Amino acid sequence: MYIPTANRKLICQALFKDGVLVAKKDYNAPRHPEINVPNLEVIKAMQSLTSRGFVKTQFSWQYYYYIITDEGLAYLREYLNLPQDVVPSTFKKVVRAPAPSRFGDRPEREDRGGFRRDNEGYRRRNFDENRKEGAGEGFRPEFRGGFGRGRPQQQQQE
């Protein structure tokens, strides 16, 4: 598809500025929402860059997501006559201030040496090595058939 050079440059500049580009799958849309270019031209220009390996395409929920590759970065620098030190905004490292303390001026806790010792007997109160765990010796469960989807319930004799 023929795309005017001015429109192709606008598309490439928008892609290089952020490193990513999003286009709705609407071939009849008069304009792309972010670039003053027909949406069809944006999709076809990105399709061309994808076939040359300069852009990776992801399609989800009727939207095309285009992500520039390293080869695409070099190509767009050459095409747009940009210096090597200019990079897309997604490639820049964001320096964040350290997170403020959640507890304000609360002093640090002293080291307790591993696990808490004050609840050591929580589960094993009155622990006796001779005592067996589980059901007692007199426990004899009785399973009579006839309940659920098994065989029909038997009539009890009177």
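Give me, ordered by chain and number, the residues 5 or more places off T69 or on other chains with an amide H under 5 Å from its own placed amide H.
V55, K56
Given H placed 1.01 Å from N in the peptide plane, which residues other than close sequence neighbours of V37 have an amide H under 5 Å from its amide H?
It is H32, by chain and number.
Can you list the residues, at least 5 places off or on another chain, whose amide H is less than 5 Å from the amide H of D26, using H built in the peptide plane?
Hits under the 5 Å cutoff: none.
For K56, list the lysines whose Cα falls under 22 Å from its own Cα; do not include residues on the same chain fewer than 8 positions away.
Correct list for K56: K9, K17, K24, K25, K44, K92, K93.
Once the other residues with Cβ under 14 Å from the Cβ of Y27 are scored (Lys, Arg +1; Asp, Glu -1), what is the net sum? Mind showing how you got there, number by number?
Numbers: positive: K24, K25, R31, K44; negative: D26, E41.
For residues surrounding Y27, the net value is +2.
Would you check the accessible area of E142, probe 1.4 Å, heavy atoms only, in square angstrom rounded to 10?
140
Report in % the part of the accessible area of region 8-67 that belongs to carbon and sulfur, leaving out ligands and nucleic acids; probe 1.4 Å. Don't skip to the end; give the middle numbers.
Values: 1850 of 3470 Å².
Of all accessible area on region 8-67, carbon and sulfur atoms account for 53 percent.
Return the sequence-ordered ³J(HN,Hα) values of region 43-50 in whole Hz as given by the Karplus equation 6.51 cos²θ - 1.76 cosθ + 1.60 applied to θ = phi - 60°, using x for Gly and Pro.
4, 6, 5, 5, 5, 5, 5, 5
Using a 1.4 angstrom probe and counting only protein chains, how large is the accessible area of R77 in Å², to 10?
30
When a/c is below 1.5 the answer is rounded, else prolate if a/b is larger than b/c, else oblate, so apply that to region 48-97 with a ≥ b ≥ c taken from the square roots of the Cα gyration tensor eigenvalues. Walk me through the numbers on the way to the answer.
Values: a/c = 3.08, a/b = 1.18, b/c = 2.60.
Oblate shape, in that a/c is at least 1.5 and b/c is the bigger or equal ratio.
If you roll a 1.4 Å probe over the heavy atoms of the protein chains, what accessible area per residue do you get for region 1-70, in Å²? Spell out each step's value before the answer.
Numbers: 4180 Å² over 70 residues.
Roughly 60 Å² per residue, with all protein chains present.
Taking θ = phi - 60°, what integer Hz values does the Karplus form 6.51 cos²θ - 1.76 cosθ + 1.60 yield along region 76-83, in sequence order, with x for Gly and Pro?
5, 4, 5, 5, 9, 6, 9, x
The values are calculated or read from the model by the stated rules, or taken from the named source; none is laboratory data. Worth saying up front: this structure is predicted, and the values here are computed from it rather than measured. Using ideal geometry, Cβ is built from the backbone for each residue, glycine included, and neighbour counts are taken over all protein chains shown. To get the accessible areas, we keep the full protein, side chains included, count just its heavy atoms, and leave off ligands, DNA and RNA. Shrake-Rupley method; radii C 1.70, N 1.55, O 1.52, S 1.80 Å.
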